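A short worksheet on the structure shown next.
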Ligand SMILES: Cc1cc2nc3c(=O)[nH]c(=O)nc-3n(C[C@H](O)[C@H](O)[C@H](O)COP(=O)(O)OP(=O)(O)OC[C@H]3O[C@@H](n4cnc5c(N)ncnc54)[C@H](O)[C@@H]3O)c2cc1C
Ligand code: FES
Ligand code: FES
């Protein structure tokens with residue numbers, strides 16, 4: 001095995017181009033488990049810890065540019081206002097030790113359907129910036145996941161950062177597991193309200209081969225809120241609307257039975273999470289009067 | 001490959017390190033520092049917890065090469081500079097006094113984690129303590145004595161700090177120490 005230590009981004013891209021089968025290692029919280037257990041014996045590791053750019057974030061007018069290796073603990077401390085959904089999800093990852101090392105780039109690299117970054121990225125709207133010696137491209141996050149633990153990266157590409165829409169309204173994340181810490185999601189759900197455009201975003205975790213959005217549920221809720229004038233009035237979302245929204249969220253799922261839960265349980269729990277997070281974001285919207293016209 | 005880094009303030013070098021080897025393996029098997037324990041090798045138990053450039057991390061999940069040139073603090077270094085040689089750090093003494101150690105396998109990781117917590121938050125709430133220790137498993141104590149130990153260390157450091165803060169505003173020493181032992 002080789003251990004490659006690029007000192008900067010250019011060197012990292014050159015290393016990946018020269019060794020396409022090399023495995024990048026950032027926080028190591030996925031990679032090292034596989035190596036320790038003999039599940040993976042790559043020819044080479046590319047250590048990304050020395051690359052300063054990957055550990056930086058920048059808040060722009062509409063988006064946050066989040067370096068691939070900014071650890072979860074810093075997202076929680078430094079970006080709770082700009083990225084509230086992701087910060088909530090980050091707080092449920094593993095333990096303090098895991099959150100000090102792991103980050104969104106590694107979560108995207110692993111592309112587990114249970115990864116906790118995915119629902120909030122899908123709900124907020126995000127593009128993954130990937131690069132190689134051939135150039136840079138941006139992939140909408142919903143197109144980044146291509147299968148169970150598969151993603152859209154070419155063998156010579158690395159993830160540089162994620163461009164995530166800054167929150168323009170309330171966001172929530174909720175996850176079902178057996179305890180509060182150190183839990184792989186049985187199912188998870190992220191929800192974002194975008195009052196400026198009167199749209200909503202969703203993200204579903206652990207209920208399909210890849211993380212997915214529930215597009216039909218989003219369109220239905222947008223239309224229902226619009227027709228009843230609720231964005232302006234800040235009135236209560238009728239239970240029938242919340243129920244239908246939850247049903248459509250569940251319809252977007254395609255869960256399996258596994259050791260963590262049955263498909264039936266996942267569907268049931270997902271409906272509960274959808275209704276509950278809708279309650280939370282709508283309460284916050286009404287309370288804070290996020291861009292509401294006649295308050 | 002050769003890896004060199006600082007452990008508890010001293011420069012160390014390890015040769016013939018396999019590229020996939022963990023920092024934990026290097027500490028225990030190559031540098032003769034077996035304080036950090038190996039129980040799960042998958043980040044679940046926290047018994048291998050060390051500080052890497054100040055951050056608490058699972059040493060089993062850090063590739064040895066990633067520690068190159070960095071500063072590692074292990075349980076062996078906790079008592080450095082804390083009183084006479086061979087003495088215990090305040091957090092270690094608190095664990096002894098509160099009866100927070102049974103088989104002791106989880107103890108090094110908990111000490112490193114708790115020490116980092118108190119450095120950051122000298123008077124943590126119970127919720128803060130639970131959150132901070134949520135990545136450290138103990139199969140013996142049921143955790144209550146461990147929580148007691150962290151509270152005890154926090155109370156002692158508040159009490160200890162009081163006399164050095166002169167003037168009428170100095171707060172009275174809290175008398176909230178739980179009884180040692182039981
Ligand atoms: C005890 C424990 C608990 C956990 N709990 C959770 C949890 O609750 N929720 C959750 O979602 N995850 C959890 N995980 C999994 C893991 O922590 C996350 O997936 C984390 O986001 C991985 O980040 P990392 O930097 O450590 O990735 P690494 O292990 O360094 O890398 C992961 C993958 O991504 C690739 N990669 C990393 N960076 C890049 C890059 N810049 N470009 C291209 N590829 C890259 C690597 O090659 C590898 O395939 C847990 C892991 C452990 C050990
Ligand atoms: S041995 Fe590292 S967390 Fe268990
Ligand atoms: S004292 Fe035995 S595991 Fe904690």
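Bear in mind that the values in this text are calculations on the coordinates, not laboratory data. Just so we're clear, the structure is a prediction, and the values are computed from it rather than from any experiment. Neighbour counts run over all protein chains shown; Cβ positions are idealised from the backbone, glycine included.
For B:63-71, what's the mean count of beta carbons from other chains sitting within 10 Å of each residue's beta carbon?
4
Hey, for a label at residue A:272 modelled as a point 7 Å past Cα toward Cβ, could you say which residues of the stretch A:155-177 have their backbone N under 19 Å away?
Inside the label zone: A:172-177.
Please list, in order, the residues from the stretch B:99-133 whose amide nitrogen is less than 18 Å from a point placed 7 Å along the Cα→Cβ vector of residue B:140.
Under 18 Å, as judged by backbone N against the label point of residue B:140, lie B:99-114 of the stretch B:99-133.
Taking the Kirkwood radius as the inverse of the mean 1/r across Cα pairs, report the Rg/Rh of the stretch A:49-165.
Here Rg/Rh amounts to 0.93.
Apply the Kirkwood formula to the stretch A:80-119: the hydrodynamic radius equals the inverse of the mean of 1/r over all pairs of different alpha-carbon atoms; give it in Å with one decimal.
For the stretch A:80-119, the Kirkwood estimate is 10.4 Å.
So what is the 222 nm mean residue ellipticity for chain A from helices alone, if each DSSP H run of at least 4 adds -39500 (n - 2.57) and you divide by all residues, rounding to the nearest 500 deg cm²/dmol?
That calculation yields -10500 deg cm²/dmol at 222 nm.
I need to check one value: relative contact order of the stretch B:3-74, counting alpha carbon pairs closer than 8 Å and at least 6 residues apart, in percent.
Relative contact order of the stretch B:3-74: 41 percent.
Between residue A:244 and residue B:119, what is the FRET efficiency for a Förster distance of 56 Å, r being their Cβ-Cβ separation, to the nearest 0.05?
Calculated value: 0.65.
Figure the gain on full extension for residue A:228 and residue A:21 (residue separation times 0.36 nm, minus the Cα-Cα span) and round it to one decimal in nm.
Full extension of this stretch gives 69.1 nm more.
Give the order of B:157, A:206 when sorted by the count of other beta carbons within 10 angstrom, beginning with the fewest.
B:157, A:206
Calculate, in whole percent, how much of the Cα-Cα pair population of chain A lies beyond 26 Å.
Beyond 26 Å sits 44 percent of the P(r) for chain A.
Equivalent ellipsoid semi-axes for the stretch B:3-74, as square roots of 5 times the alpha carbon gyration tensor eigenvalues: give them largest first, rounded to whole Å.
Semi-axes from the Cα gyration tensor: 17, 13, 11 Å.
Take every residue in peptide A:28-41, count the Cβ atoms of other chains within 10 Å of its Cβ, and give the average of those counts.
Across A:28-41, the average partner-chain Cβ count within 10 Å equals 5.
Compute the acute angle (0 to 90°) between the alpha-carbon long axis of helix B:144-164 and the principal axis of greatest extent of the alpha-carbon atoms of chain B; round to the nearest 10°.
The answer is roughly 70 degrees.
In what order do B:50, B:96 fall by count of nearby beta-carbon atoms within 10 Å, going from fewest to most?
B:96, B:50
Which residue fluctuates most in the GNM of chain A (Cα springs below 10 Å): A:211, A:24, A:239?
In this elastic network of chain A, the residue with the biggest mean-square fluctuation among A:211, A:24, A:239 is A:239.
Principal axis extents for the stretch A:171-288, Cα atoms only, whole Å, descending order, please.
45, 27, 22
Can you sort B:62, A:272 so the residue with the fewest Cβ neighbours within 10 Å comes first?
Starting with the residue having the fewest Cβ neighbours, the order is A:272, B:62.
Compute the long axis of helix A:9-18 from its Cα atoms, compare it with the longest principal axis of the Cα atoms of chain A, and write down the angle in degrees, 0 to 90, nearest 10.
With rounding to tens, the tilt is 70 degrees.
When the convex hull of the Cα atoms of the stretch B:90-159 is projected onto a plane and the area is averaged over all directions, what value comes out in nm²?
3.9
Using the alpha-carbon centroid of each, what span in Å lies between the stretch A:219-274 and the stretch A:9-67?
36
What order do you get for A:11-18, A:62-69, A:136-143 when each peptide is scored by the mean count of other beta carbon atoms within 10 Å, highest first?
Output ranking for A:11-18, A:62-69, A:136-143: A:62-69, A:11-18, A:136-143.
At R0 = 30 Å, how high is the FRET efficiency between residue B:71 and residue A:40 if r is their beta carbon distance? Nearest 0.05 is fine.
0.60
How big is the Cα convex hull of the stretch B:1-145 in projection, averaged over all directions, in nm²?
8.5
Per residue of A:177-187, count partner chain C-beta atoms within 10 Å of its C-beta, then hand back the mean as an integer.
Taking the mean over all residues of the peptide, I get 2.
Can you give the extra length, in nm with one decimal, that the chain gains between residue A:1 and residue A:254 once fully stretched, where that is 0.36 nm per residue apart less the Cα-Cα distance?
The span from residue A:1 to residue A:254 would gain 87.2 nm if fully extended.
For chain A, modelled as a Gaussian network with Cα springs under 10 Å, which listed residue fluctuates most, A:160, A:198, A:276?
Of A:160, A:198, A:276, the Gaussian network model singles out A:198 as fluctuating most.
Which residue fluctuates the most in chain A, going by a Gaussian network model with Cα springs under 10 Å, if the choices are A:100, A:254, A:36?
Among A:100, A:254, A:36, the largest GNM mean-square fluctuation belongs to A:36.
Determine the calculated [θ] at 222 nm for chain B from helices alone, applying -39500 (n - 2.57) to every DSSP H run no shorter than 4 residues and normalising by the residue count; nearest 500 deg cm²/dmol.
-9000 deg cm²/dmol
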